[in-house]
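The values are calculated or read from the model by the stated rules, or taken from the named source; none is laboratory data. It should be emphasised that the depicted structure is a prediction, and the values quoted were computed from it without experimental measurement. FYI the Cβ positions are ideal-geometry reconstructions off the backbone, even for glycines, and counts take in every protein chain you see. Only protein heavy atoms, including side chains, enter the accessible area calculation; ligands, DNA and RNA are left aside. Shrake-Rupley method; radii C 1.70, N 1.55, O 1.52, S 1.80 Å.
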Amino acid sequence: MEALFNGEVPDPTGKPESVRNIIGRFTDIEKLFPAAISDEALPWFVDWLLEKVVLAQISAFSDEDAYTIFETMNDRGLSLSPLDMLKGWLLANITDDNKRAMAAAEWTARLASLKAQQG
């Protein structure tokens, strides 16, 4: 986040999925942001953004608590599918952070492979 704030776009290679998502969405916003808003309308847009968008931080005392929270909430604002809940449950049971990141990456790669096979 600090790199993005400083105008740098970090390399997402090898980063956790959540970091890759943040970098990807930042890049999307940068590409899709209308040029018309970048001039006189920008202060109005910033004011609207500050008034209408709320960011909430949720802290958990342990990884197990974090995954329990994840099972009921998510970053997409959509109900979790059974597949999402299974992923959360499986990853919650991996205590080593590096192994959990590797498992999450493997999960994502396997899903992408399955989707590609479907058509």
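From the residues in the stretch 33-55 that are open to solvent by 90 Å² or more (accessible area, probe 1.4 Å) and assigned to a loop (DSSP other than H, G, I, E, B), which one is farthest from residue 101 (Cα to Cα)? Reasoning before the result, please.
Filtering the stretch 33-55 down to residues open to solvent by 90 Å² or more (accessible area, probe 1.4 Å) leaves 39-40, 44, 48, 50-52, 54-55.
Imposing the further condition that a residue be assigned to a loop (DSSP other than H, G, I, E, B) reduces the set to 39-40, 54-55.
Values: 39: 41, 40: 43, 54: 28, 55: 25 Å.
Looking at residues that are open to solvent by 90 Å² or more (accessible area, probe 1.4 Å) and assigned to a loop (DSSP other than H, G, I, E, B), I get 40.
Filter the stretch 6-18 for residues that are of a type in the set (D, E, K, R) and open to solvent by 80 Å² or more (accessible area, probe 1.4 Å); which is nearest to residue 66 (Cα to Cα)?
Filtering the stretch 6-18 for residues that are of a type in the set (D, E, K, R) and open to solvent by 80 Å² or more (accessible area, probe 1.4 Å), the one nearest to residue 66 (Cα to Cα) comes out as 15.
So, in the stretch 19-32, of the ones that are surrounded by 10 or more Cβ atoms within 10 Å (Cβ to Cβ) and of a type in the set (A, V, I, L, M, F, W, C), which residue ends up nearest to residue 9 (Cα to Cα)?
Filtering first and then ranking leaves 23.
Please work out if residue 116 is open to solvent by 60 Å² or more (accessible area, probe 1.4 Å), modelled with pLDDT of 80 or more and small (Gly, Ala, Ser).
Yes; evaluated as a whole, the condition is true for this residue.
Restricting to the stretch 75-113, name every residue that is modelled with pLDDT of 85 or more and open to solvent by 100 Å² or more (accessible area, probe 1.4 Å).
98, 99, 102, 110
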